[in-house]
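Peer 1: This structure is in structure tokens; I'll ask about it shortly.
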Amino acid sequence: MGSITQDVEANGERKDFFNISIATRDVYGETLAELGALNKDIVVLDADLSSSTKTKKFSRLFPDRFFNIGISEQDMICTASGLSLTGKIPFASTFAIFATGRAWEQVRQTVCYSNLNVKIVATHGGLTVGEDGASHQSLEDLALMRVLPNMTVIVPADGFETKQVIEEIVNYVGPVYVRLGRAKVPPVMPESYRFKIGKAYIFNVGLDVNIIASGIMVSMALNAAQELRTQGVDVGVVNMSTIKPLDTEALLMVAQKSKFIITAEEHSVIGGLGGAVSEFLSEVYPIKIKKVGVNDSFGLSGKPDELLEFFGLTNKRIVDMILKELS
Amino acid sequence: MVDFFQSRDINFLKEKARQVRVAILKMLTEAGSGHTGGSLSSADIVTALYFYKMRHKPNEPQWEQRDRFILSKGHAAPLLYAVLALSGYFDVELLKTLRKLHSPLQGHPSSKLLKGVEVSTGSLGQGLSIANGIALGLRLSKIKARVYCLLGDGEIQEGQVWEAAMTASHYSIDNLCAIVDLNDLQIDGRCSDVMKIDPVAKKWEAFGWHVFQINGHDLEEIVETLDSAEKIKVKPSVIIAKTVKGKGVSIFEDKVEYHGITPTLKELEIALKELGENG
């Protein structure tokens, strides 16, 4: 418990954010500023939240390529679309619920239907927004984005992966939604890791159970797995950072090896990672799937760790669920 | 560089507008569904854009220097298809496939399926924001091209239009010209009855736009205004074009019921006769 806010000592020399505890939004801000110098086609839009989404650094370095659209997310998404039509690579940022909820129809009609090269990188996904409460905690964004044709949906697990995701999507042509968080996350990905869209990372394969996790829940899954191993449970962990397109090959492989599957995400249990995994496996390899996530409810105000504890997004919940299934 | 068409000959433009109306009526009758009134009301304006004002190359739709046209009122798709076909983007025979399965001529324009369509539209209120983005992108790339965006008057009830109006003004987007087709009718009735939009000109002025008010069927005035709008610097310009829904066919003119229905064969015959088209 408490791993979310636990700070691992930063390695000040490295710029790839390997092995440091950092909020993914901070990595976004730094990476975007770095990429802005390398690629003049990158333009950034924000809806009056650039201090929070961390696009502010880019705005200071490249004021001509930064457009604050004000508190008008719908306009921002379509303006980004227009910029993409002239060959620019627009990154549009705001909080996850506003990017995907307030502007959903703009994302559908303009970005996805015309298959435009717009990168929607939203911060403040999930419960770890904390004190701002339910209005600002997005627990539905993955479902809302995943249902859209042409859309790619990515949830990085740590700083090291976030940097690679942002770099990778610059080179990918088409709509992308990236969900980032407000709170610090501990490092989980190994130094040899290289992100590829649609490719899951298998930490290890378990013969009893495999946990398919995304975002902050990857760290929880790894902690849970460690504890379970001391109790003799053979448990595997997969970081499914691309929610769409789902790495069905990796998923099928680990499913075929396990007795059941656990999904873990900082999102509603409806329509997100758990939904995607269930939809796929129910057709090709029916197996029991238990979901760790928020059970069809809104969030609350509180500290991130308190909220995760209250809503059951913890190592312990994963451990208990697995032990119960095995008993 | 040779620009396409660019004829300022009013008689030529009148003849083109007539051909555009004929094409619209024929394709809508064939399709059996679609939006007649709003396609006809904007016909003179869009004819002036495609056959006079805009620099574009039908044989090179992605020409980087081209002026862009965004049909924010996407339901006037038949009008867009008519000007594209008559300009030479595709064979006029294709117009007969409007709204049919696997036709690139979707009920509302799809940029994925049809060359010459800059972006898919149909859900109202999004086009002006897109036009802003294109205009900003062109400005960043130092491309001199202009962006034209056609909105319906009912459409400006959408809140996003005013978000975009603020953005265009805030960023001094002067390579953009919005045109509002003020035909005073929307599906449920007169705009003033459904949801009052007046005072339209004052609203745009208050949002920081240079406003032109014209008769949207007077090609001389349309052409002159499009030229004047290009000279407006530092602020965006909007042309509020007073029009008549269903213009050009007296049985359809100013009739709310012809917003979303198509002519019968009998009505087509009457309409074509009125437009001086034989057969």
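Peer 1: Which one of B:E163, B:E269, B:E93 has the biggest mean-square fluctuation once chain B is modelled by GNM with Cα springs under 10 Å?
Peer 2: The residue with the greatest mean-square fluctuation here is B:E93.
Peer 1: While we're on this one: For chain A, max minus min Cα coordinate along each principal axis, in Å, sorted largest first?
Peer 2: Extents along the principal axes, in whole Å: 60, 43, 38.
Peer 1: Here is a follow-up. Taking Cα pairs under 8 Å and at least six residues apart, what relative contact order does segment A:22-185 come out at, in percent?
Peer 2: Computed value for segment A:22-185: 27 percent relative contact order.
Peer 1: Quick one: what are the phi-derived ³J(HN,Hα) couplings along segment A:69-83, Karplus 6.51/-1.76/1.60 with θ = phi - 60°, whole Hz, x for glycine and proline?
Peer 2: In residue order, the calculated couplings are 8, x, 7, 8, 5, 5, 4, 4, 5, 6, 5, 4, 4, x, 4 Hz.
Peer 1: Once you've got the Cα coordinates, tell me which of B:K100/B:K273; A:K196/A:K244; A:K88/B:K144; A:K303/A:K324 are over 19 Å apart. Present the calculation step by step, with values, prior to reporting the outcome.
Peer 2: Values: B:K100/B:K273 27 Å; A:K196/A:K244 12 Å; A:K88/B:K144 16 Å; A:K303/A:K324 29 Å.
Beyond 19 Å between Cα atoms: B:K100/B:K273; A:K303/A:K324.
Peer 1: Using θ = phi - 60° and the Karplus curve 6.51 cos²θ - 1.76 cosθ + 1.60, what whole-Hz ³J(HN,Hα) does each residue of segment B:228-242 get, with Gly and Pro shown as x?
Peer 2: Coupling constants for segment B:228-242: 5, 4, 5, 8, 6, 10, 6, 10, x, 10, 10, 9, 8, 9, 6 Hz.
Peer 1: Could you state, as a whole-number percent, how many of the C-alpha pairs of segment A:201-326 are farther apart than 25 Å? Could the numbers behind the result be given before it?
Peer 2: On the way: 1310 of 7875 pairs.
The share of Cα pairs beyond 25 Å in segment A:201-326 comes to 17 percent.
Peer 1: Please build a GNM for chain B, connecting alpha carbons under 10 Å apart, and tell me which residue among B:Q65, B:Q106, B:Q19 fluctuates the most.
Peer 2: B:Q65
Peer 1: Which whole-angstrom value gives the distance between the alpha carbon centres of segment B:150-216 and segment A:108-158?
Peer 2: 31 Å
Peer 1: In whole angstrom, and with the biggest value first, how far do the Cα coordinates of the protein assembly as shown range along each principal axis?
Peer 2: If we take the Cα atoms of the protein assembly as shown, the spans are 89, 49, 46 Å.
Peer 1: With each pseudo-label sitting 7 Å past Cα toward Cβ, what's the A:N115-A:K316 distance in nm, one decimal?
Peer 2: With each label point 7 Å from Cα toward Cβ, the separation is 5.0 nm.
Peer 1: To continue, here is another question. Using amide H atoms built in the peptide plane, which far-off residues or other-chain residues are under 5 Å from A:K291 H to H?
Peer 2: Hits under the 5 Å cutoff: A:T263.
Peer 1: Stretch A:D48-A:D132 to full length: gain in nm at 0.36 nm per residue minus the Cα-Cα span?
Peer 2: Using 0.36 nm per residue and subtracting the Cα-Cα distance, I get 28.6 nm.
Peer 1: Sticking with this structure for a sec: What is the local net charge at B:L105, summed over the other residues whose Cβ is closer than 10 Å to its Cβ (Lys, Arg +1; Asp, Glu -1)?
Peer 2: Once positives and negatives cancel, what remains is +3.
Peer 1: Now a separate question. Run down the aspartates and glutamates and flag those whose C-alpha is under 18 Å from the C-alpha of B:K202, throwing out any fewer than 8 positions away in its chain.
Peer 2: Straight-line reach from B:K202, under 18 Å: B:D153, B:E155, B:E158, B:E163, B:D181, B:D184.
Peer 1: May I ask you to derive the FRET efficiency for B:E220 and A:E167 from their Cβ-Cβ distance with R0 = 35 Å, giving the value to the nearest 0.05? Please list the in-between numbers first.
Peer 2: Details: r = 55 Å, r/R0 = 1.57.
Calculated transfer efficiency: 0.05.
Peer 1: Suppose R0 equals 25 Å. What FRET efficiency, 1/(1 + (r/R0)^6) with r the Cβ-Cβ distance, do B:H170 and B:D227 give to the nearest 0.05?
Peer 2: Result of the calculation: an efficiency of 0.45.
Peer 1: Once the dipole of segment A:22-185 is set up with Lys and Arg at +1 and Asp and Glu at -1 on Cβ about the Cα centre, which of A:V170, A:G70, A:F95 lies farthest towards its positive end?
Peer 2: Sorting the options by dipole projection puts first A:V170.
Peer 1: Hey, fewest Cβ within 10 Å first, where do A:M151, A:M76, A:M240 land in order?
Peer 2: Ranked by crowding around the Cβ, least crowded first: A:M151, A:M240, A:M76.
Peer 1: Ranked by Cβ crowding within 10 angstrom, fewest neighbours first, how are B:W204, A:W104 ordered?
Peer 2: If I rank by nearby Cβ atoms, fewest first, I get A:W104, B:W204.
Peer 1: What nm distance separates the two modelled labels at A:I71 and B:S33, each placed 7 Å from Cα along Cα→Cβ?
Peer 2: About 4.1 nm, to one decimal.
Peer 1: Measure nothing fancy, just the Cα-based angle from helix A:273-284's long axis to the longest principal axis of chain A, in degrees from 0 to 90, nearest 10.
Peer 2: That helix lies at roughly 60 degrees to the long axis.
Peer 1: To continue, here is another question. Please grab the % of Cα pairs in segment B:10-274 that end up more than 30 Å from each other. Before the final figure, lay out the partial values.
Peer 2: Values: 7313 of 34980 pairs.
Result: 21 percent of Cα pairs exceed 30 Å.
Peer 1: Counting helices only, and only those DSSP H runs with n ≥ 4, report the 222 nm mean residue ellipticity of the protein assembly as shown as the sum of -39,500 (n - 2.57) divided by its residues, in deg cm²/dmol to the nearest 500.
Peer 2: -10500 deg cm²/dmol
Peer 1: Normalising by the residue count of chain B, find the relative contact order in percent from Cα pairs under 8 Å and 6+ residues apart.
Peer 2: RCO, chain B: 23 percent.
Peer 1: Another question, then. Sort all Cα-Cα distances of segment B:33-145 into consecutive 10 angstrom bins from zero, then give the percent of pairs in each bin up to the one containing the longest distance.
Peer 2: Final binned percentages: 14, 47, 33, 6, 0.
Peer 1: Take A:K184, B:K14, B:K242 and order them by how many other Cβ atoms sit within 10 Å, fewest up front. Numbers along the way, then the final one.
Peer 2: Details: A:K184 22, B:K14 14, B:K242 18.
The most exposed by this proxy come first: B:K14, B:K242, A:K184.
Peer 1: Between B:K100 and B:K14, how high is the FRET efficiency from 1/(1 + (r/R0)^6) when r is the Cβ-Cβ distance and R₀ = 35 Å? Nearest 0.05.
Peer 2: Working: r = 31 Å, r/R0 = 0.89.
So, using R0 = 35 Å, E works out to roughly 0.65.
Peer 1: Could I ask something else about it? Just report the Cα centroid separation between segment A:223-268 and segment B:87-123, whole Å.
Peer 2: 46 Å
Peer 1: Once amide H atoms are placed 1.01 Å from N in the peptide plane, what residues at a sequence separation of 5 or more from B:E253, or on another chain, have their amide H within under 5 Å of its amide H?
Peer 2: The answer is none.
Peer 1: Turning to a different aspect of this structure: Would you kindly state how much longer the chain becomes between A:L207 and A:L326 on full extension, computed as 0.36 nm times their sequence separation minus their alpha carbon distance, in nm to one decimal?
Peer 2: Answer, rounded to one decimal: 41.6 nm.
Peer 1: Among B:V249, B:V211, B:V200, which one shows the highest mean-square fluctuation when chain B is modelled as a Gaussian network with alpha-carbon springs under 10 Å?
Peer 2: Per the Cα network of chain B with a 10 Å cutoff, B:V200 tops the list.
Peer 1: Per-residue HN-Hα couplings for segment A:149-164, Karplus 6.51 cos²θ - 1.76 cosθ + 1.60 at θ = phi - 60°, whole Hz, x for Gly and Pro?
Peer 2: x, 6, 8, 9, 10, 10, 10, x, 8, 8, x, 4, 6, 4, 4, 5
A short reminder: the numbers here are calculations on the coordinates, not readings from a lab. The structure displayed is predicted, hence computed values, not measured ones. A quick note on method: Cβ atoms are made from the backbone with ideal geometry, for glycine too, and the neighbour counts reach across all protein chains shown.
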